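Quick notes on the structure that follows.
The values are calculated or read from the model by the stated rules, or taken from the named source; none is laboratory data. Predicted, not measured: the structure shown is a model, and the values here were computed from it. Cβ placement follows ideal geometry from the backbone for every residue including glycine, while neighbour counts extend to all protein chains displayed. Areas reflect the complete protein model, heavy atoms only, side chains present, ligands, DNA and RNA absent. Shrake-Rupley method; radii C 1.70, N 1.55, O 1.52, S 1.80 Å.
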Amino acid sequence: MNTILKHLRQQNQTTWLIYAFIAVFVIGNLLGLIFKINLSNYLCLNTVQTPFYPPFWTWFTYAWLHNDIVHLLMNCVGVYAISIIYQTYLPRYSVIKQFMIGSVLVGIVYQLLIFLDWQHAAVIGASAGIMYLFFTAVGLQPHGQVRIPLIGIVKLWHIGLFFVLFDVLMIFINLNRGGSVTHLLGAVPGFIYGFVVLGKNEITLNFQKTKKHLKTKKSQNKTFKQWVKEDKTQQQIDEILDKINKSGYESLTEEEKQFLFKQK
């Protein structure tokens, strides 16, 4: 047990997410085999309209469930790839925290669409939160670049546009409609958060860094000028003292006497 805990503490947040997905998938399947309990019936974003007692927990829990091993593997690969992009352009922000925020936002809006009878498909899966992560990076750094095998260097906004068009097509042909809707619901707030909120934070941070740099540079210039002035003063004092040693105090000019008097 201690070995497992030590191993987990050494992992990054992306690995923790992947382990969580796998753990929930294994537990869910064991409950289904042993007790015939289907977790999805209780934890998915469902189509049961309960306006006086909404299943608020499903706004969070749906993101940790997966239909089958293929669905699980696709989202594990997806969160791994997107997290690399996210941490490249947003290294100061938590992957897990932003994934959870995005998933809950999508869950609330999707439940509202169900209540308004605009959606009828139950939804599970981490892809909505993953899309939120990716489009946060797109909003902040749309011209950021990613190298894709066999394709080459592609800008983030190009990939984002492809995802959006693909999901719109899936909705149009009614294929995985619920999943595609949640993808778009994750993309929109993610992009807004990255472009508006984080973009403003980055501008403020860069301004503060520039201001601090200028202040430091000004202080360094002031120190240098002060040092030059003190060095010239000492040099002049040494020259006057040498003159006194050679010819006596009376040989000094009036200006040299005044200068020496001020240094006392």
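Taking segment 133-186, which residues are part of a loop (DSSP other than H, G, I, E, B) and open to solvent by 30 Å² or more (accessible area, probe 1.4 Å)? Break it down into steps so the answer makes sense when it comes.
So the first thing to find is which residues in segment 133-186 are part of a loop (DSSP other than H, G, I, E, B), and the list is 141-144, 149-151, 173-176.
Of everything in segment 133-186, those that are part of a loop (DSSP other than H, G, I, E, B) and open to solvent by 30 Å² or more (accessible area, probe 1.4 Å) turn out to be 141, 142, 143, 149, 150, 151, 173, 174, 175, 176.
So, in segment 108-122, of the ones that are open to solvent by 10 Å² or more (accessible area, probe 1.4 Å) and aliphatic (A, V, I, L, M), which residue ends up nearest to residue 72 (Cα to Cα)?
122
Name every residue in segment 74-94 that is open to solvent by 80 Å² or more (accessible area, probe 1.4 Å) and within 21 Å of residue 160 (Cα to Cα), in order of residue number. So that I can check it myself, show each step before the final result.
Initial filter on segment 74-94 (open to solvent by 80 Å² or more (accessible area, probe 1.4 Å)): 74, 77, 80, 84, 88, 91-92.
Within segment 74-94, 74, 77, 80, 84, 88, 91 qualify.
In segment 1-29, how many are among the β-branched types (Val, Ile, Thr) and more than 26 Å from the chain's Cα centre (by Cα)?
As a first pass, look at segment 1-29 and keep what is among the β-branched types (Val, Ile, Thr): 3-4, 14-15, 18, 22, 24, 26-27.
Narrowing further to those that are more than 26 Å from the chain's Cα centre (by Cα): 3-4, 26-27.
Here the count works out to 4.
Among the residues of segment 1-30, write down those that are among the aliphatic types (A, V, I, L, M), open to solvent by 50 Å² or more (accessible area, probe 1.4 Å) and modelled with pLDDT of 85 or more.
Once the filter is applied, which keeps residues that are among the aliphatic types (A, V, I, L, M), open to solvent by 50 Å² or more (accessible area, probe 1.4 Å) and modelled with pLDDT of 85 or more, segment 1-30 yields 22, 26, 27, 30.
Restricting segment 31-47 to residues that are free of Cβ contacts under 8 Å to residues at least 24 places away in the same chain and hydrophobic (A, V, I, L, M, F, W, C), which is least open to solvent (accessible area, probe 1.4 Å)? Full working, then the answer.
Taking segment 31-47 first, the residues free of Cβ contacts under 8 Å to residues at least 24 places away in the same chain are 31-38, 41-42.
Still in the list and also hydrophobic (A, V, I, L, M, F, W, C): 31, 33-35, 37.
Values: 31: 48, 33: 130, 34: 111, 35: 133, 37: 69 Å².
Residue satisfying both the conditions and the ranking: 31.
Among (1) modelled with pLDDT of 95 or more; (2) touching a Gly at 6+ places or on another chain (Cβ under 9 Å), which single condition is residue 141 missing?
Just one mismatch for residue 141, condition (1).
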